[in-house]
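Engineer: My questions will all concern the structure given below.
The values are calculated or read from the model by the stated rules, or taken from the named source; none is laboratory data. Since this is a predicted model, take the numbers as computed values, not measurements. Cβ: placed from backbone, ideal geometry, glycine included. Neighbour counts: every protein chain shown.
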Amino acid sequence: MNFLLAIPAWAWLIFSALWFAAGEYLSKRWGMQPSWGLAVIVVLVYSVGTFAWLPALLHRNQLAIMGTLWLVLATICTVGVGIFLFHEQLNTLQWAGVGLAIVALILLGL
């Protein structure tokens with residue numbers, strides 16, 4: 001398990017959040033054209049993200065902070081997928097929420 005500690009916690013969090021974002025993209029595609037094959041792929045992609053979360057806890061076993069950091073990263077990734085890949089729109093209040101999420105990410109990382 002020591003080799004898992006060679007990679008910083010933030011790298012595991014980002015890696016996990018990016019796999020979650022891929023799962024979000026694929027789940028949206030599944031919602032547009034459902035199929036069993038795509039459903040299995042979605043579950044597998046989400047699983048990679050979940051397993052990548054575990055080494056982050058080895059670095060800093062504080063669920064409240066690490067979990068919240070991951071949630072904020074995953075939220076930002078999900079918003080990015082919606083906006084840039086599916087051309088969804090956010091209103092001003094929603095953009096303010098995204099901005100506050102970024103502020104929360106910075107503060108929790110201190």
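Engineer: Against the definition (outside any loop (DSSP other than H, G, I, E, B) and within 10 Å of the chain's Cα centre (by Cα)), how does T75 come out, yes or no?
Structural biologist: Criteria met by T75.
Engineer: In the range 29-50, how many are without any contact (Cβ under 8 Å) to a residue 12 or more places away in the chain and under 16 Å from the mean Cα position of the chain (by Cα)?
Structural biologist: Result for the range 29-50: 3.
Engineer: Then there is this: Six or more apart or on different chains, Cβ atoms under 7 Å: show the pairs whose first residue is in the range 56-72 and closer than 10 Å to A9 by Cβ and whose second is basic (K, R).
Structural biologist: Listed pairs, sorted by first residue: M66/R60.
Engineer: Just one of R29, R60 is closer than 23 Å to V103 by Cα and among the charged types (D, E, K, R); which is it?
Structural biologist: Being closer than 23 Å to V103 by Cα and among the charged types (D, E, K, R) holds for just one of R29, R60, which is R60.
Engineer: Modelled with pLDDT under 95 and among the hydroxyl-bearing types (S, T, Y) - does that describe any residue in the range 30-39?
Structural biologist: No, there is no match, as no residue in the range 30-39 is modelled with pLDDT under 95 and among the hydroxyl-bearing types (S, T, Y).
Engineer: Of all the residues that make up the range 13-43, how many are loosely packed, with under 12 Cβ neighbours inside 10 Å and of a type outside the set (V, I, T)?
Structural biologist: So the answer is 7.
Engineer: Of the residues L54, L105, L69, which is surrounded by 15 or more Cβ atoms within 10 Å (Cβ to Cβ) and closer than 12 Å to S16 by Cα?
Structural biologist: Checking each option against the conditions leaves just L69.
Engineer: On the basis of being buried (at least 20 other Cβ atoms within 10 Å of the Cβ) and at pLDDT below 90, does W10 make the cut?
Structural biologist: It is false that W10 is buried (at least 20 other Cβ atoms within 10 Å of the Cβ) and at pLDDT below 90.
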